[in-house]
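Below: one structure, written as structure tokens.
The values are calculated or read from the model by the stated rules, or taken from the named source; none is laboratory data. Please read these numbers as outputs of a predicted model, since none were measured by experiment. Cβ atoms come from the backbone with ideal geometry, glycine included; neighbour counts cover every protein chain shown. These area figures cover heavy atoms from the full protein model, side chains too; ligands, DNA and RNA do not enter into them. Shrake-Rupley method; radii C 1.70, N 1.55, O 1.52, S 1.80 Å.
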Amino acid sequence: QVQLVESGGGLVQAGGSLRLSCAASGRTFSSYFMGWFRQAPGKEREFVAAIRWSGAGVYYASSVKGRFTISRDNTRNTVYLQMNSLKPEDTAVYYCAAALAVAMSPDQYDYWGQGTQVTVSS
């Protein structure tokens, strides 16, 4: 089993930046994809970004392309989400998740973290 723990959320002003971290423990397979999702009040979970544990495959939702960057540190089993030019619309609980293949649907992910709150003021 894989455990995921997110950190780095907080309150920022519009236009500011935050860097989220997702630390994985337990057996992590190199074939896994790591994804970031977010859920705003009254809305369903939506895909944000995903990255392979190895290789160059990176995927982003259109709403965050050019502003967010996903990266990884394989030695530390940690995935990061650098969020720049934040907008109030980015306000949500952000979740880290792991899947056996690239996926954009939360139903396809096997493991989930507890979430970290990101609030962007106008």
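Points worth noting:
- Put the Cα centre of segment 30-75 next to the Cα centre of segment 98-122 and the gap is 8 Å.
- Dipole of the chain, positive direction: furthest Cα of Phe37, Ser85, Val118, with charges on the beta-carbon: Ser85
- Solvent-accessible area, 1.4 Å probe, carbon plus sulfur percent, for the chain: 47
- In this rough spin-label picture, where each label sits 7 Å from Cα along the Cβ direction, the Glu46-Ala14 distance is 1.7 nm.
- Whether the chain is rounded, prolate or oblate, judged on the alpha carbon gyration tensor where a/c under 1.5 counts as rounded: prolate
- Judged by the ratio a/c of the largest to the smallest principal axis of the C-alpha gyration tensor, segment 52-108 counts as prolate, that ratio being 1.5 or greater while a/b is larger than b/c.
- Fully extended contour minus Cα-Cα distance, from Asp73 to Glu89, at 0.36 nm per residue: 2.9 nm
- Cβ charges +1 (Lys, Arg) and -1 (Asp, Glu), total dipole of the chain, debye: 260
- Coupling constants for segment 74-81 follow from the phi torsions by the Karplus curve (6.51 cos²θ - 1.76 cosθ + 1.60, θ = phi - 60°), and in residue order they are 5, 4, 9, 6, 10, 10, 10, 10 Hz; glycine and proline get x.
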